[in-house]
Amino acid sequence: MTRTPSTRPIRPWRRSLRRALGAERNELARPEDRARSRAGLLATVATGLALVLGATAAWTDFDTAEHRVAAASSRLHHVDALLLSATTATADRTATAAARYQATATWAYPAGQRRTGTVDLSHQARAGSTVGVWADDTGRLTTAPPSTADLVSDAVSTGLLAVALLFVLTAGGVGLRLRSLDRRTDTAWQRAWEELEPAWTGRAARRPGTDGPRRS
């Protein structure tokens, strides 16, 4: 029993891959066609590599920042502060930024050392209220350590920036290569047409100095 050859069409990406790898048996395929397929394969590989490098950059940035924050957090302490005055809105509020408030407060850190200063708050509060603040080993107020969500957001931004940069470099390099191949293809077509056009139009069979068949 003989097997009939499959008539299932080859998908374009498979044909392009075979052409790029030199496995396509097509006498009509020109060197420029193979070079164009290789450029497409290179762009695909570079895109995958960009995604891997972007993910690596994001993870490295997150891991480094997490260790740095953990080391800094060991010297930070969350303490209770007693407000000595009601909060007042800060003057640097903008239309897009959330309102910020300040108040005079007192807190004790290290133990037994009472300190007084101005604390920044994101909400209004009355005098006599207790709020949480962050202080360093000396008792000076400081900002809260970044949250995990902040670290993730920064890491994702770093990864996306790396991916975008690699995409731009890849697109620029492949674009230059394709334009060079297009110019080479146009030149080859023009050269081939100059050789074929006289025979195709019949101009080569005409004798110089005559415009048509000679009348008797």
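The values are calculated or read from the model by the stated rules, or taken from the named source; none is laboratory data. These numbers come from a predicted model, not from an experiment. Note that each Cβ is placed from the backbone with ideal geometry, even for glycine, and that neighbours are counted across all protein chains shown.
Some observations on this one:
- Applying a threshold of 7 Å to beta carbon distances and a minimum spacing of six or more residues, or different chains, the list of pairs starting in the range 132-147 at a residue that is surrounded by fewer than 13 Cβ atoms within 10 Å (Cβ to Cβ) and ending at one that is at pLDDT 90 or above and among the aromatic types (F, W, Y) reads T143/W134; A144/W134.
- H78 falls short on exactly one of the conditions (1) under 16 Å from T138 (Cα atoms); (2) modelled with pLDDT under 90; (3) surrounded by 10 or more Cβ atoms within 10 Å (Cβ to Cβ), and that condition is (2).
- Look at (1) part of a helix (DSSP H, G or I); (2) of a type in the set (D, E, K, R); (3) modelled with pLDDT under 75 and you find that E27 fails only one, number (1).
- Condition met for T201 (loosely packed, with under 13 Cβ neighbours inside 10 Å and modelled with pLDDT under 90): yes
- Selection within the range 41-68 - under 13 Å from P146 (Cβ atoms) and surrounded by fewer than 17 Cβ atoms within 10 Å (Cβ to Cβ): T64, E66, H67, R68
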